[in-house]
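Novice: The structure is given below, and queries will be raised subsequently.
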Amino acid sequence: MKFAANIELWWTDIAFLDRINAASDAGFEAVEIWELEGKDIDKMARRLEDFQMKLTQFTAWGWEKGMNHPDNLAAFVEQISEACKVGRRLNCSMGTVVGGDDQPGMTQKEMHDQITTGLKAVVPIVEENEFMLILEPMNIRVDHPGHCLYGSAPGIKICREVDSPMVKLNWDLYHMQITEGDLCGHIREGIDQIAYLQLADHPGRHEPGTGEINYKKVLEEAARLGYSGYVGLECTPQENEKKALERINLL
């Protein structure tokens, strides 16, 4: 498997752009980030180019407003249009989108239907720009209480209803383990909609080898099913980056 270090969580004791240098020094060929707000896009693009580092994905639509409410549809379309432009500048072809927390007065079905509506609205934009949106189901038991989209089945259903090669899933194995377990079985059921994998062990949200998940088995199954993309290390090193890399190299 090819890994991308999440530099929001790794090397946090140094300046943000210098974490790209640190990832390169550690042997990574790719990194991932969260939101673009507060980041100098041009400087980041130059740093990525200087170190020949790939940016696998960034957060194209985050937590501030729910994609699951109709009042936010226009803002969502506008922001995705801008994300496509930023993606070109950063040579990045994927952006994570988040469904949103529960909306007062709306049922879960209504919120999921609105997520589908929003994604369908931007299909012409992302297909024209060849910029893939990857929808991320969360977990509500540990990290995101009150979030409206969790578990594999609803995410798969939404993506199949949108029916675009540019709208797929960011399949975060950490969230899936907390929500439903049976990681290999659910990957088999959803492999046609999985565009990107992320991981962290549980409990603790640290690197593989620190919790209960047999990541060697899970990643072998994903590869057997045809997954060949990067795996985002959206985990906090338990002790330090050097020890975390030693554990990851055992996979």
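The values are calculated or read from the model by the stated rules, or taken from the named source; none is laboratory data. Just so it is clear, the structure is predicted and the values come from calculations on it, not from any experiment. Using ideal geometry, Cβ is built from the backbone for each residue, glycine included, and neighbour counts are taken over all protein chains shown.
Novice: Run down Ile125, Ile158 and say which single residue is in contact with a strand residue (DSSP E or B) (Cβ under 7 Å, 6 or more places away or on another chain) and part of a helix (DSSP H, G or I). So that I can check it myself, show each step before the final result.
Specialist: Numbers: Ile125 fails: in contact with a strand residue (DSSP E or B) (Cβ under 7 Å, 6 or more places away or on another chain).
On inspection, the qualifying residue turns out to be Ile158.
Novice: Then there is this: Does Gln103 satisfy the condition of being part of a helix (DSSP H, G or I) and either among the β-branched types (Val, Ile, Thr) or modelled with pLDDT of 95 or more (or both)?
Specialist: When the stated conditions are applied, Gln103 does not pass them.
Novice: Could I ask something else about it? Return yes when Met111 is assigned to a loop (DSSP other than H, G, I, E, B), more than 24 Å from Gln198 (Cα to Cα) and not small (Gly, Ala, Ser) and no when it is not.
Specialist: no
Novice: Continuing with the same structure: Can you find, within the range 30-50, the residue that is farthest from the chain's Cα centre (by Cα) among those that are farther than 18 Å from Ala83 by Cα and crowded, with 16+ Cβ neighbours inside 10 Å?
Specialist: Filtering first and then ranking leaves Arg47.
Novice: Follow-up question, since we're still on this one. So, in the range 41-51, exactly how many residues are charged (D, E, K, R) and in contact with a Phe, Trp or Tyr (Cβ under 9 Å, 6 or more places away or on another chain)?
Specialist: 0
Novice: Are there any pairs, at least 6 apart or on different chains, whose C-beta atoms fall under 8 Å, with the first in the range 68-95 and touching a residue at least 60 places away in the same chain (Cβ under 8 Å) and closer than 23 Å to Lys43 by Cβ and the second surrounded by 18 or more Cβ atoms within 10 Å (Cβ to Cβ) and hydroxyl-bearing (Ser, Thr, Tyr), and if so, which?
Specialist: Qualifying pairs under 8 Å: Met94/Thr56; Met94/Tyr196.
Novice: Right, next: So which of Glu180, Glu130 ends up being in the same structural domain as Asp113 (by TED's automatic domain parsing), within 30 Å of Arg88 (Cα to Cα) and surrounded by fewer than 17 Cβ atoms within 10 Å (Cβ to Cβ)? Show your work before the answer.
Specialist: Working: Glu180 fails: within 30 Å of Arg88 (Cα to Cα).
Answer to the check: Glu130.
Novice: Restricting the first residue to the range 144-160 and requiring it to be more than 20 Å from Pro104 (Cβ to Cβ), which pairs with a second residue that is of a type in the set (S, T, N, Q) meet a Cβ separation below 7 Å and a spacing of at least six or different chains?
Specialist: Filtered contacts from the range 144-160: Gly151/Thr179; Ile156/Gln193; Ile158/Thr116; Cys159/Gln193; Arg160/Gln193.
Novice: Would it be correct to say that Ile14 is surrounded by fewer than 14 Cβ atoms within 10 Å (Cβ to Cβ), touching a helix residue (DSSP H, G or I) at 6+ places or on another chain (Cβ under 8 Å), farther than 24 Å from Glu241 by Cβ and of a type outside the set (D, E, K, R)?
Specialist: Numbers: surrounded by fewer than 14 Cβ atoms within 10 Å (Cβ to Cβ): yes; touching a helix residue (DSSP H, G or I) at 6+ places or on another chain (Cβ under 8 Å): yes; farther than 24 Å from Glu241 by Cβ: no; of a type outside the set (D, E, K, R): yes.
In short, no.
Novice: Just need a number here: residues in the range 161-199 that are among the polar types (S, T, N, Q), in contact (Cβ under 8 Å) with a residue 40 or more places away in the chain and in contact with a helix residue (DSSP H, G or I) (Cβ under 6 Å, 6 or more places away or on another chain).
Specialist: The total comes to 1.
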